[in-house]
Every structure is written in C-alpha cells, then in structure tokens.
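*Asks:* Pasting in a structure now, in structure tokens, and then I'll have a few things to ask.
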Amino acid sequence: MVRKMEPWVAFAVLSMLLYGLWGFFPKLASRSLDFRTILIIESVGTLIVVGVLLASMKFRVGADLRGTAYALAAGLAGALGSLFFLLALSRGKASVVVTMTAIYPLVVIILSALFLKEPLTLKQGAGIVLAMAAMVLFSV
C-alpha cells in the first residue's frame, strides 16, 4: 500500500534543498566578493521574495505586539546569523562551516526545553551529544 506524503514533508524537503543552495552559493560568491557585499546582494534576493509575497496578499502589520516583536527578533537574528555565516565561510572551508552552522537546531531544542517546557527525551539528549561531537570532529 502506497501512503500519501504529507504536504509538510514536501515543504521540508524543498526547504532543506534551498538551505543547501543558500550554504553553497555564498562560497562561490566569496571567490570574488567580500562578505559585506555578499550579504547586501543576498538581502536583495530576500527582498524580491518578500516583494512577491506582498504583491500576492493584503498585508497589514499584526496587531499583536508580542508576536510582532518575536518576528522582528527572528529577522534580526537571521540577518546577523547570515553575517557571521558569511564571515566564517569567507575564511573557512564550506564543508566545515556549513556543517557546523547546520547544527543550529540544538539551540532550538535547548531553548524549547527551557522556555516552552517541551520534554527532552533520552534519544534527543543522545542526539545532542552526538551532534556536539560531530561539531568538534568537523572543526579539528
């Protein structure tokens, strides 16, 4: 029996593929551009996507101040994360930098356990330890 794939799985796979390209293209760009220029041009690409989204919907700023603040914080964290990612990528090997930064879900897991009270299973704990070991092994 063939089981139908859930729609979120396709979105997750597309996201993974696009994040892979996002990690690869800047290394190619760093061969001829400095990290500041790459971030600015990358941001123009982001603005194009945002522009298409704005054109396709009736956007209005959310009335919920807390949600708006968290969304703004996410944007700031993402932009600063991109800046430091590009700095690392311009000085290090793409295979190492991308692998190390791709372990960012550890931060989400830990923050979710601490602040959202999401339970942390023994398997997830083992995964955290193994991910940290992988980061150390990739960095030496």
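*Asks:* For the list (1) touching a Phe, Trp or Tyr at 6+ places or on another chain (Cβ under 9 Å); (2) touching a residue at least 24 places away in the same chain (Cβ under 8 Å); (3) of a type outside the set (A, V, I, L, M), I need the number of the one condition that residue 81 fails.
*Replies:* (2)
*Asks:* Within the stretch 13-44, count every residue that is small (Gly, Ala, Ser), over 15 Å from residue 85 (Cβ atoms) and part of a helix (DSSP H, G or I). Spell out the reasoning first.
*Replies:* Step one: list which residues in the stretch 13-44 are small (Gly, Ala, Ser), which gives 15, 20, 23, 29-30, 32, 43.
Still in the list and also over 15 Å from residue 85 (Cβ atoms): 15, 32.
After this cut, where a residue has to be part of a helix (DSSP H, G or I) as well, the list is 15.
So the answer is 1.
*Asks:* Here is a further query. If you take the residues of the stretch 118-129 that are over 20 Å from the mean Cα position of the chain (by Cα) and of a type in the set (A, V, I, L, M, F, W, C), which of them is nearest to residue 95 (Cα to Cα)?
*Replies:* 129
*Asks:* If you don't mind, another one. Could you run through the stretch 58-75 and say how many residues are loosely packed, with under 10 Cβ neighbours inside 10 Å and part of a helix (DSSP H, G or I)? Write out each step before concluding.
*Replies:* Step one: list which residues in the stretch 58-75 are loosely packed, with under 10 Cβ neighbours inside 10 Å, which gives 58, 60-61, 63, 65-66.
Now narrow it down to the ones that are part of a helix (DSSP H, G or I): 65-66.
Residues in the stretch 58-75 being loosely packed, with under 10 Cβ neighbours inside 10 Å and part of a helix (DSSP H, G or I): 2 in total.
*Asks:* Same structure again: Out of 30, 15, I need the residue that is more than 17 Å from the chain's Cα centre (by Cα), surrounded by 10 or more Cβ atoms within 10 Å (Cβ to Cβ) and under 27 Å from residue 105 (Cβ atoms). Which one? Please lay out each step first, then the result.
*Replies:* Numbers: 15 fails: more than 17 Å from the chain's Cα centre (by Cα).
Only one candidate qualifies: 30.
*Asks:* Working only within the stretch 105-130, note down all residues that are closer than 20 Å to residue 77 by Cβ and either of a type in the set (A, V, I, L, M, F, W, C) or in contact with a strand residue (DSSP E or B) (Cβ under 7 Å, 6 or more places away or on another chain) (or both). Show your work before the answer.
*Replies:* Of all residues in the stretch 105-130, those closer than 20 Å to residue 77 by Cβ come to 105-116, 118.
The answer is 106, 107, 108, 109, 110, 111, 113, 114, 115, 116.
*Asks:* Six or more apart or on different chains, Cβ under 7 Å: which pairs go from a residue in the stretch 86-112 that's under 20 Å from residue 42 (Cβ atoms) to one that's among the β-branched types (Val, Ile, Thr) and at pLDDT 85 or above? Could you list them?
*Replies:* 86/38; 88/97; 89/97
The values are calculated or read from the model by the stated rules, or taken from the named source; none is laboratory data. Bear in mind that the values here come from a model prediction, so they are computed numbers and not experimental data. Reconstructed Cβ throughout: ideal geometry from the backbone, glycine too, with neighbour counts over all protein chains shown.
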